[in-house]
Amino acid sequence: MVLTSCVRDYVNRMLQDISGMKVLILDSQTVSIVSVVYSQSDLLQKEVFLVELIDSISKSNELMSHLKAVYFLRPTSENIQLLRRQLANPRFGEYHLFFSNILKDTQIHILADSDEQEAVQQVQEFYADFVAIDPYHFTLHMPSNYIYMLPAVVDPSTVQRFCDRVVDGLAALFLALKRRPVIRYQRTSDVAKRIAQEASKLMYQQESGLFDFRRTEVAPLLLVLDRRDDPVTPLLNQWTYQAMVHELVGIEDNKVDLKSIGKFPKDQEEVVLSSDQDSFFKTNMYENFGDIGMNIKRLVDEFQQVAKSNQNIQTVEDMAKFVDNYPEYRKMHGNVSKHVTLVTEMSKIVEQRKLMIVSETEQELACNGGQGAAFEALTNLLNNESILDVDRLRLVMLYALRYEKDSPVQLMQLFNKLASQSAKYKPGLVQFLLKQAGVDKRTGDLFGNRDLMNIARNMARGLKGIENVYTQHQPLLFQTMENIVKGRLRDVDYPFVGNHFQQGRPQEVTIFIVGGTTYEESRSVALQNASNTGVRFILGGSSVLNSKRFFKDLEEAQRVARISTSVV
């Protein structure tokens, strides 16, 4: 089942059976869950005239007995306490309580004891405890996302909260899909192992009755991976539409805040990029930047044709026709200006930051050997005044990840050069990345140079020639999916949890990346699903990364590791 329609169905069911004027009350996380699948106009159609956050509604005492309150909350102890206080003095005519995950018995008792005035009409669990940003891609928006890089002893309570939230999100996902998966994890990652074991305990022991769905011939697979197995993908500049917007501007809950890059008219300061709500974006989200320009020109031409026919209003009938088509015309106008603005602004950034030159070297480092040439190209770019510090840093990181064992002397030269030329460079950040995600820590064949089959595949790609030098990189996830489809995912590298094994090839696979996914990876999943191999993949992660967020997590982990005396 497609994730976006799955969550949308839950929201529909919450709102459609309650007649009359409603207020929808959310928390800081469910507001993201709802906003990516439901627009404001959708809410108005369901007679929702007010959307409030539970903590802000607690500060008001205004009586609104004409409104029915629909709460959609995560079942956290904070939310239960806020609800308890609100039910003690009800402000609304009716209370309909929906929770995004499993309620504990104690929480149900607290709610029942608080409802002295019998204002609560229903209490239900609707398992939408994840943000479905695309049909096959979800995220959990973890606040302390950096914590996965640190040993549990550094900050046990934050690590526990992190793992609990991931297990909650995965439990809700499989309850929504009505499946109980067989679970595997990346052997080299403690945090992936812990999450896999805790998820298994919940699904097969603590809540086994809830997960007792009709068995499929081959059980679905949940594979828990660690971001550090592929630190290259979040470091690269992107050249396909959705991934590029996130890398250069930033996407949060399918919204793009253009205020961060310049001055725009009020109605264009924030734009929505949703494959569910925007057909042009749906068709072009995985296309190369060069093709997007051509496709937008076609979109503009189509719009001009429509605008021209609308200018030719001569009779009352013409006018009536124009008024009927006006909402569609407005929507088309908004869509055209949105995509033209985005592509224009990104073109400016590419030019200012000289990203064509930077990206070519990045792709060479990620995909091809040739250390001498790479060192020379990198030295030239570090000396180039127009290259930003952040782009210098990512280039040195990519070089270090590829050649950490081959050229320690040259690596040291690059570290020194970076430190002397980049004012913002935090000493030791590249070394910290190597400690976290260096060759000794990784499971997969990241650069395709360990495994004979991968070496042969890379040679074949080199002989065929690359269609586009800027998009030749494929994330490690692509290889992992290929191994799953061909039944080649090694048990020794990705062990099963408990005694639940897989007989035959799974038809449904959920891959969860602790530390976060990228839009380049979600593109890989979408293309893999479109190729009809008989296996359907869903991708999820603790956050959606671009290089900025990846650097931020690295810096925060490095800062905490330095403070802590426990880190060896």
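In terms of distances greater than 18 angstrom between alpha carbons, the cross-link table entries Lys417/Lys552; Lys263/Lys348; Lys22/Lys46; Lys46/Lys282; Lys354/Lys552 yield Lys417/Lys552; Lys46/Lys282; Lys354/Lys552. The calculated 222 nm mean residue ellipticity attributable to helices in the chain amounts to -15500 deg cm²/dmol, summing -39500 (n - 2.57) over DSSP H runs of n ≥ 4 and dividing by all residues. When the residues His246, His141 are ordered by accessible surface, computed with a 1.4 Å probe over the protein chains alone, the sequence from largest down reads His141, His246. The candidates Asp229, Asp105, arranged from most to least accessible area with a 1.4 Å probe in the full protein assembly, appear as Asp105, Asp229. Checking the a/c ratio against 1.5 first, then a/b against b/c, what shape does the Cα gyration tensor give for the stretch 1-94? Verdict is oblate for the stretch 1-94. In this label model, Asp491 and Lys348 are separated by 5.8 nm, measuring between points 7 Å along each Cα→Cβ vector. First compute the accessible area of the stretch 151-225 with a 1.4 Å probe, then give the percent of it belonging to carbon and sulfur atoms. C and S atoms contribute 45 percent here.
Remark: the chain carries 47 Å² of accessible area per residue (probe radius 1.4 Å; ligands, DNA and RNA excluded). If you filter the stretch 240-307 for trypsin sites (Lys or Arg not before Pro), then keep DSSP loop positions with at most 16 other Cβ within 10 Å, what is left? Passing both the DSSP loop test and the Cβ count: Lys263. The modelled label-to-label distance for the pair Asp113/Asp17, using points 7 Å beyond Cα in the direction of Cβ, is 2.9 nm. The residue list Ala400, His339, Thr361 was ranked by how far each Cα lies along the charge dipole of the stretch 336-407 toward its positive end, using unit charges on Cβ atoms, and His339 comes out on top. Among the chymotrypsin sites (Phe, Trp or Tyr not before Pro) within the stretch 183-246, those in coil by DSSP and having at most 15 neighbouring Cβ atoms inside 10 Å are Phe213. Taking the 1.4 Å solvent-accessible surface of the stretch 83-145 as the whole, the part contributed by carbon and sulfur is 46%. Near Leu545: Cβ cut-off under 9 Å, other residues only, Lys/Arg at +1 and Asp/Glu at -1. The net charge is +2.
Counted by Cβ distance under 13 Å from Gly498, the other residues give a net charge of +3, where Lys and Arg count +1 and Asp and Glu count -1.
Annotation: Ser41 carries an accessible surface of approximately 70 Å², with a 1.4 Å probe and no ligand, DNA or RNA atoms counted.
In a reduced charge model with +1 at each Lys and Arg Cβ and -1 at each Asp and Glu Cβ, the stretch 239-313 shows a dipole moment near 340 debye about its Cα centre. The alpha-carbon positions of the stretch 133-218 define a convex hull whose volume is 117 Å³ per residue. Taken about its Cα centre, the chain carries a charge dipole of roughly 1220 debye when the Cβ of each Lys and Arg holds +1 and the Cβ of each Asp and Glu holds -1. Computed over neighbours whose Cβ is under 13 Å from that of Glu207, the net charge equals -2, Lys and Arg +1, Asp and Glu -1. Length gained on full extension, Gln160 to Gln421, computed as 0.36 nm times the residue gap minus the Cα-Cα distance: 90.0 nm. The apolar share of the surface of the stretch 480-545, taken as the fraction of accessible area on carbon and sulfur atoms (1.4 Å probe, ligands and nucleic acids excluded), comes to 46 percent.
One decimal place: the segment Phe501-Val300 gains 67.0 nm when fully extended, by the rule 0.36 nm per residue minus the C-alpha distance. For the chain, the C-alpha radius of gyration sits at 1.04 times the compact-globule guess of 2.2 N^0.38 Å, with N the residue count.
For the stretch 505-529, backbone nitrogen atoms closer than 19 Å to the point 7 Å from Glu556 Cα along Cα-to-C-beta are found at 513-519. The distance from the alpha carbon centre of the stretch 188-227 to that of the stretch 52-126 is 31 Å, rounded to a whole number.
A probe of 1.4 angstrom, applied to the heavy atoms of all protein chains, finds Cys367 with accessible area near 30 square angstrom. A DSSP coil position with no more than 16 other Cβ atoms inside 10 Å describes the following trypsin sites (Lys or Arg not before Pro) in the stretch 182-232: Arg187, Arg214, Arg215.
The values are calculated or read from the model by the stated rules, or taken from the named source; none is laboratory data. The shown structure was predicted, so the numbers you read here are calculated from the model rather than taken from an experiment. So basically every Cβ, Gly included, is an ideal-geometry build from the backbone, and we count neighbours across all protein chains shown. Note: accessible area is taken over every heavy atom of the protein model, side chains too, but ligands, DNA and RNA are not part of it. Shrake-Rupley method; radii C 1.70, N 1.55, O 1.52, S 1.80 Å.
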